[in-house]
Amino acid sequence: MTDVLETVGRFARSTVLLRMLGLVSAGVYAACIVWVHAVQPRTVAEVRGGVAATVGAYTIDRPAFDDGLRAFRADQFPEARRAFGRADPAGRDPMTQYYVAYSYLREGWGRFYEDDALYQQGAAALQRAVAASPGGVVTVDDPDLTLKSSDALAEAFARGQRREPADFNPLRVLGRRP
Amino acid sequence: MNAAADRRAAWHESFTLPLVFLTVTLLGGLRIDADGGLRFLVPPLMALVLAVMLVAAIYRAGAFVPAALVHDTRSRLENAGGLVVVATMWTAATQVVNTLTPEAGLLAFAVNVAWLVLFTNTLAVRPDRARLLASLLVVFGAAFVVKYVLLGAIYAPEGGATRRVALALLEGVSLGTLAYAPPGPATGYVAFVAVLLFLGGVAALPRVPSRTAGTIVVASAVTGAIVEVSGPSEGTDPYDRR
């Protein structure tokens, strides 16, 4: 036992361990630099959230998310997005980003036309949701939502921004809000 | 070289130099806009080329001795650490050039040409280590002042005293359509730290390789030539800055 401890002590004091630790720390640091250049976080919160998500430690602020959900269901979409922003400051939670995207869809949807600017912001939020989702697809089981998957939502955004003859169909005014 | 000096050398090569150069790599690409938004710029190809020339100039001046970091007489682990130092120094040089050069347009072209001429001139002149460091300090300082103080002030959307002074000095000269998007004020502070760290890292590069089997490899600080000197090495410290 003493011999083992002595060997470990000698190794700990040797420059070999120091050099190995140096290589590891430089490798981790370099990986972080490559990561920030690849992911391009826009804020310090996104950097923190991204690092936490990488190690599986990222969580959203649940009360803020619930606030957002209440506002979303009351059709107060800007307020809902503010609350969702507080809940998921790094934009790394698929579910929250899905609701953000959906809020743009509902706010931009109209019986006579769709708001392209809002739809574009919604599509961007949906991209964040899909990027943060491990499977590349987000599915939300919420009876309040007509479109329950990221694929359906993406198609709604794309269709809304396309100009096609169906846009001039007068029966559109009878359509159901998504 | 005794155990303490060995440990100091190992610490220096394994932690201090790579972490300093990696920090420069990170900060050199960071841009912070006026609203606090972050952007991490990948260096353009020209910055990579200029960084090679800069590292070559540092080598020719004797400030960087490859044999002090990678050599047959060193262990694989030591050589791996040495390679990390060399690689990180090059990435740091890339980002220093990147942070001191305007990002696009005619100004970027002009500054890149200036870098090319300055680094070629430094390679041709072959200054010694001290003169090279002094020269880099002046050149980087001038580039910093041009990009972050002068151009930053002239193109600042809100204007200011520096802008009025600069435009008064350039009386009769029109900037015309010379487009330039000034970085946020915080970027200047980040760039300042990055440049100083880079120069500190270059100054701290080991110049005399470690002892191996009773032989010391000595590098001439002026010519970059390597001379092997056999003899007792006890007490020799490669990080002795005398």
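Read the figures in this text as sums done on the coordinates, not as results from a lab. Bear in mind that the values here come from a model prediction, so they are computed numbers and not experimental data. For neighbour counting, all protein chains shown are included, and Cβ atoms are generated from backbone atoms with ideal geometry for every residue, glycine included.
For the protein assembly as shown, what log10 I(q)/I(0) values come out of the Debye formula at q = 0.10, 0.11 1/Å, with one point per alpha carbon and no solvent?
-0.88, -0.96
List B:Met46, A:Met20 from most exposed to least, where exposure is judged by having the fewest other Cβ atoms within 10 Å. All intermediate terms of the calculation are to be shown ahead of the outcome.
Numbers: B:Met46 19, A:Met20 15.
Least crowded to most crowded, the residues run A:Met20, B:Met46.
How far, in degrees from 0 to 90, does helix A:62-73 lean away from the longest principal axis of the Cα atoms of chain A, to the nearest 10?
Once rounded, one gets 10 degrees.
For q values of 0.16, 0.17, 0.20 Å⁻¹, compute log₁₀ I(q)/I(0) with the Debye formula on a Cα-only model of the range A:28-69, without solvent.
Listed by q, the Debye log ratios stand at -0.50, -0.55, -0.68.
So, with +1 on the Cβ of K and R and -1 on the Cβ of D and E, and no other charges, what is the size of the charge dipole of the protein assembly as shown about its Cα centre, to the nearest 20 debye? Please report the intermediate quantities before stating the final value.
Details: 39 positive and 35 negative charges, 123 e Å.
For the protein assembly as shown, the charge dipole is close to 600 debye.
Rounded, prolate or oblate: which one fits the range A:112-158, using the alpha carbon gyration tensor with axes a ≥ b ≥ c (rounded when a/c is under 1.5, else prolate when a/b beats b/c, else oblate)?
Numbers: a/c = 2.53, a/b = 1.34, b/c = 1.88.
Oblate shape, in that a/c is at least 1.5 and b/c is the bigger or equal ratio.
If we count other beta carbons within 10 Å of each Cβ, what is the order of B:Phe144, A:Phe168, fewest first?
Values: B:Phe144 19, A:Phe168 8.
Ascending Cβ contact count within 10 Å gives the list A:Phe168, B:Phe144.
P(r) of the range A:1-92 in 10 Å steps, Cα pairs, percent per bin?
Pair shares across the bins are 15, 25, 20, 16, 12, 8, 3, 0.
Percent of Cα-Cα pairs per 5 Å bin, from 0 to the last occupied bin, for the range A:80-178, please list those.
With a bin width of 5 Å, the distribution comes to 2, 14, 24, 24, 18, 9, 5, 2, 0.
Given a Förster radius of 51 Å and the C-beta distance between A:Glu164 and B:Asn79 as r, what FRET efficiency does 1/(1 + (r/R0)^6) yield to the nearest 0.05?
Values: r = 64 Å, r/R0 = 1.26.
Given R0 = 51 Å and the Cβ-Cβ separation, E is 0.20.
Cα convex hull of chain A: mean projected area in nm², to one decimal? Provide the component values of the computation, followed by the final result.
Working: hull surface 60.0 nm².
Result: a mean projected hull area of 15.0 nm².
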